[in-house]
């Protein structure tokens with residue numbers, strides 16, 4: 001028992017060394033942050049220091065970085081082995097160890113599942129920095145019927161947007177996050193033009209709406225903003241079509257300031273090349289639609305009146321909004337407009353653009369996101385992949401490019417109250433993922449918990465990462481470099497690792513002493529004696545302590561001496577002492593002390 005003071009001192013040394021090592025690891029993270037395995041380093045250090053529970057938590061944290069089932073299984077196996085080591089006995093049966101470790105994981109599973117559900121519901125990505133060959137996510141470079149609606153089950157976050165306090169945020173129905181413009185049509189799919197025009201375009205000299213966008217990794221080269229968006233982010237350019245394009249694909253979370261301006265009338269004529277591009281249609285495709293567009297042109301010579309007539313047609317006729325439309329024939333737009341009349345936003349946007357072009361009105365499809373969820377905890381908007389949307393821009397002389405969304409005529413609630421609220425009342429045949437999302441949202445308190453998690457993620461990302469998606473430890477490294485201390489993190493890590501090695505060499509063979517049941521009984525009794533002023537003193541042996549107690553109650557001296565012999569025997573022998581006999585001796589001594597020791601002692 002006299003070694004407890006040394007053990008406590010050793011534990012304090014371990015705490016100091018471990019904290020310094022983890023700090024050194026944190027300082028080195030900028031070079032490691034692209035590696036999904038960096039959490040293994042502090043995990044191994046914790047194992048060396050025998051901080052096994054902390055190592056388990058780090059392994060669970062590392063598991064969230066696993067982007068494949070194989071990697072997740074690897075981390076889970078490491079966790080199982082670690083729990084087996086924590087539960088091990090010198091002569092334990094391996095099968096019993098596996099069973100015990102699995103039971104510990106199963107006991108913790110409900111809590112882990114609850115946390116995972118909340119994190120996923122909040123839109124967390126399992127891995128922000130995915131491998132270089134990972135495919136892009138979200139809105140793609142082409143739009144084919146079904147390509148946007150398939151995102152309805154994708155709960156990953158696309159954007160987080162915070163509006164400046166000096167400028168009021170637009171209404172939810174006006175939140176169109178413009179991303180990419182499709183101008184080329186091959187009869188089935190819309191795609192963006194390979195030619196981009198990066199001629200200098202000056203922002204209007206008027207007040208605009210200021211906001212900051214935090215865009216998640218997409219491995220695509222365009223950014224998002226409201227209509228007429230301008231950004232000062234380095235390495236970002238604005239095309240004549242209003243597309244914000246980056247020099248490098250977005251491989252990690254980035255933040256950028258944006259200013260959007262109210263559209264002003266454009267009195268200039270549309271450039272001939274751009275006009276030709278936005279009137280082009282594949283030959284001999286969808287003849288019924290072409291004929292209908294020409295008939296409309298005969299009836300409505302004015303572009304605005306013709307456009308309104310088409311929009312009114314979507315509203316007055318029996319068109320339906322669904323993300324599970326039937327398959328279309330080869331003449332897809334003819335089939336959609338005159339036979340099926342069921343589709344999602346990409347069907348209506350593509351059909352409207354085709355009709356307007358056939359009538360001689362330059363038009364293009366715009367894809368991005370619409371709406372989002374407002375977070376009252378952090379005052380930001382969260383835009384998910386299932387908020388993906390497509391709409392139309394048409395050129396009207398004297399006005400310029402005019403925003404048109406046929407969805408507002410067919411399913412206005414989709415825009416005004418949001419996609420989830422619309423799905424909840426639309427009786428759509430939802431996929432399991434979307435159905436589960438709506439069911440969870442119906443649980444009292446779940447939406448609030450989801451909001452809180454999302455706000456926590458928002459503040460975590462804002463505090464931990466800079467605008468380029470790098471850990472803010474870069475700022476600390478820059479300060480160290482400016483003060484001639486650039487090599488300090490490396491030397492600190494080396495020094496701490498040497499300290500760990502020395503610690504292991506000095507105490508590597510010393511295993512933490514396990515307390516027997518009899519010793520636990522004695523320690524509990526000693527705690528009671530301390531309150532009476534008769535507890536064991538520092539560096540005092542068990543025998544010396546109990547002989548001192550015998551002086552207080554001499555009539556129980558024999559019991560004290562016998563108890564001292566029993567406890568000493570238990571400390572140095574494998575076979576345990578008789579715990580019932582020890583408890584009986586303690587009861588006798590306590591009874592004698594209550595009779596003979598004054599209460600106010």
task = Only residues that are more than 9 Å from residue 179 (Cβ to Cβ) and part of a strand (DSSP E or B): list them for segment 206-226, please.
result = 209, 210, 211, 212, 213, 214, 215
ask   = Since residue 435 meets every condition but one in (1) loosely packed, with under 15 Cβ neighbours inside 10 Å; (2) under 23 Å from residue 138 (Cβ atoms); (3) more than 26 Å from the chain's Cα centre (by Cα), which condition does it not meet?
value = (3)
key: Flag for residue 366 being assigned by TED's automatic domain parsing to the domain that holds residue 266, under 26 Å from residue 167 (Cα atoms), at pLDDT 90 or above and surrounded by fewer than 20 Cβ atoms within 10 Å (Cβ to Cβ)   = no
query = Here are some residues: 354, 338. Which one is in a helix (DSSP H, G or I), surrounded by fewer than 22 Cβ atoms within 10 Å (Cβ to Cβ), assigned by TED's automatic domain parsing to the domain that holds residue 271 and touching a residue at least 12 places away in the same chain (Cβ under 8 Å)?
reply = 338
Residue match in segment 441-454 (condition: under 20 Å from the mean Cα position of the chain (by Cα) and at pLDDT below 85) = yes
ask   = Which condition breaks for residue 577 when tested against (1) touching a helix residue (DSSP H, G or I) at 6+ places or on another chain (Cβ under 6 Å); (2) at pLDDT 75 or above; (3) under 19 Å from residue 517 (Cα atoms)?
value = (2)
task = From the list 284, 278, pick out the single residue that is farther than 18 Å from residue 410 by Cβ, assigned by TED's automatic domain parsing to the domain that holds residue 151 and in contact with a strand residue (DSSP E or B) (Cβ under 7 Å, 6 or more places away or on another chain).
result = 278
query = Of the residues 372, 400, which is in contact with a strand residue (DSSP E or B) (Cβ under 6 Å, 6 or more places away or on another chain) and modelled with pLDDT of 90 or more?
reply = 372
message = So, in segment 530-549, exactly how many residues are surrounded by fewer than 19 Cβ atoms within 10 Å (Cβ to Cβ) and assigned to a helix (DSSP H, G or I)?
response = 7
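The values are calculated or read from the model by the stated rules, or taken from the named source; none is laboratory data. Keep in mind that this is a model prediction, so the values were computed, not measured. Virtual Cβ from ideal backbone geometry, glycine too; neighbours counted across all protein chains shown.
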